[in-house]
Amino acid sequence: MQVMQLTHPGPIAGRPLALVERPELRAAPGDLVVRVTACGVCRTDLQLVEGDLRAKTLPIIPGHQVVGRVVEVGVGVTGWRVGDRVGAAWLGGTCGACAKCKEGRENLCSRAELVGWDRDGGFATQIAVRADYALRLPDSFDDFAAAPLLCGGVIGYRSLKLAGIRPGGRVGLYGFGASALIALQIARHWGCRVFVCTRSDAERTRALQMGAEWAGGYEDPPPERLDSAVTFAPVGQVVHAALHALDRGGTVAVNAIHLDRVPGFSYDALWWERNLRSVANFTRADAVELLQLASTIPIRTTYEVYSLPRANDALTRLKAGKVSGAAVLSV
């Protein structure tokens, strides 16, 4: 099989991903082998490739928004057959036995396996997926449209929930890439008023076209105080701006696995029971809920398609902020 492999993290300008041949996969007990047809390209992939996110094992195959077809079913697997369409997302497995797992908070399991970080991901022609973490995808989305739902969609959905949004509430979205584009549609479906802050003129125009009530820059205060905000940009200063835009009792949810830093701020910005919280991974329940909701709304995903050998190019455009919607590899 062909894979885009990371052996030595470094600047994307140096093209750290290399196209290499590996042996075909065989299904271990409890696993599915999936022939990949599409894999979304995420900023987390970029952070791993460039070394901002420390690699846990090398070499590694990035990619955690995977769509494909089952080609082999491992011993002990029920409910899946060869030929079934399947999705694989960031959460690739947990221990199932710790306190967090038993509480239904498997996203916080200290022994979680994360696809494209702990175990090889979908920048490849094949991927091994734990069958109990494989996802069934709505027929209403083709493979390329479904891929962005499997990280940007589900983590954006969880972020909105943790931010405590409610119908009629004023929601701020800081950054307007693939995840925020989906979150805007969910918030509007729930009857929220949406305010978008982003550095890009094109993204501000697009946000207004998609139903945002207002769009401005990161340092522009929204015209009204926000009840909730979600930050998508991996920049600590954006968290600072969102916190200062909150009304009393509001919450900022930080949708990022890595930030450059969190700048100091006056306690006055946090007082009046304002909340600042991180968003870590997601649960399988989150993914199932998001995929059902995506069909109901229905969510519109937009994407640019790249061949597998062009994964470095997709990440380069993502870093430069030039991707329209999501980047998806056609495998």
- Note on the structure: Picked from the stretch 1-37 (must be exposed (fewer than 14 other Cβ atoms within 10 Å of the Cβ) and acidic (D, E)), the residue nearest to V129 (Cα to Cα) is E24
- Give the number of residues within the stretch 206-226 that are outside any loop (DSSP other than H, G, I, E, B) and closer than 24 Å to A294 by Cβ. 5
- Message: Looking at (1) under 18 Å from the mean Cα position of the chain (by Cα); (2) more than 17 Å from R158 (Cα to Cα), which one does R274 not meet, given that it meets all the others?
- Response: (1)
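Quick check on this structure: which one of V49, V75 is exposed (fewer than 14 other Cβ atoms within 10 Å of the Cβ) and not in a strand (DSSP E or B)?
Values: V49 fails: exposed (fewer than 14 other Cβ atoms within 10 Å of the Cβ).
Among V49, V75, only V75 is exposed (fewer than 14 other Cβ atoms within 10 Å of the Cβ) and not in a strand (DSSP E or B).
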- Task: Only strands (runs of 3 or more DSSP E) wholly contained in the stretch 267-331 count here; list those with 1 or more residues that are outside the structural domain of V235 (by TED's automatic domain parsing), touching a His at 6+ places or on another chain (Cβ under 8 Å) and free of Cβ contacts under 8 Å to residues at least 60 places away in the same chain.
- Result: none
- Item | In the stretch 220-240, the residues that are surrounded by fewer than 22 Cβ atoms within 10 Å (Cβ to Cβ), within 22 Å of K319 (Cβ to Cβ) and not β-branched (V, I, T) | P234, G236, Q237
- Report yes if F123 is over 17 Å from A287 (Cα atoms), within 16 Å of the chain's Cα centre (by Cα) and outside the structural domain of T198 (by TED's automatic domain parsing), otherwise no. yes
- Message: Just the residues that are surrounded by fewer than 22 Cβ atoms within 10 Å (Cβ to Cβ), among the aliphatic types (A, V, I, L, M) and not in a strand (DSSP E or B), please, taken from the stretch 113-136.
- Response: A131
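Residue by residue, here is whether (1) closer than 24 Å to R105 by Cα; (2) out of contact with any Pro (no Cβ under 9 Å at 6 or more places or on another chain) holds:
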position	(1), (2)
V254	yes, yes
Y267	no, yes
S278	yes, yes
A287	yes, yes
L291	yes, no
S295	no, no
V305	no, yes
D313	no, yes
S330	no, yes
- Note on the structure: Inside the stretch 183-203, the number of residues satisfying the requirement of being surrounded by fewer than 20 Cβ atoms within 10 Å (Cβ to Cβ) and over 27 Å from L291 (Cβ atoms) is 4
- Message: I need a count of the residues in the stretch 241-266 that are touching a helix residue (DSSP H, G or I) at 6+ places or on another chain (Cβ under 6 Å), surrounded by fewer than 22 Cβ atoms within 10 Å (Cβ to Cβ) and touching a residue at least 40 places away in the same chain (Cβ under 8 Å).
- Response: 2
- Quick one: would you say R26 is in a strand (DSSP E or B) and among the basic types (K, R)? no
- If you take the residues of the stretch 152-174 that are crowded, with 24+ Cβ neighbours inside 10 Å and at pLDDT below 95, which of them is farthest from L246 (Cα to Cα)? G152
- Query: So, in the stretch 247-265, of the ones that are within 25 Å of G153 (Cβ to Cβ) and not in a loop (DSSP other than H, G, I, E, B), which residue ends up farthest from the chain's Cα centre (by Cα)?
  - Reply: G250
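The values are calculated or read from the model by the stated rules, or taken from the named source; none is laboratory data. As the structure is a prediction and not an experimental result, all values here were calculated from the model. Cβ coordinates were reconstructed from backbone atoms using ideal geometry, including for glycine residues, and neighbour counts include every protein chain displayed.
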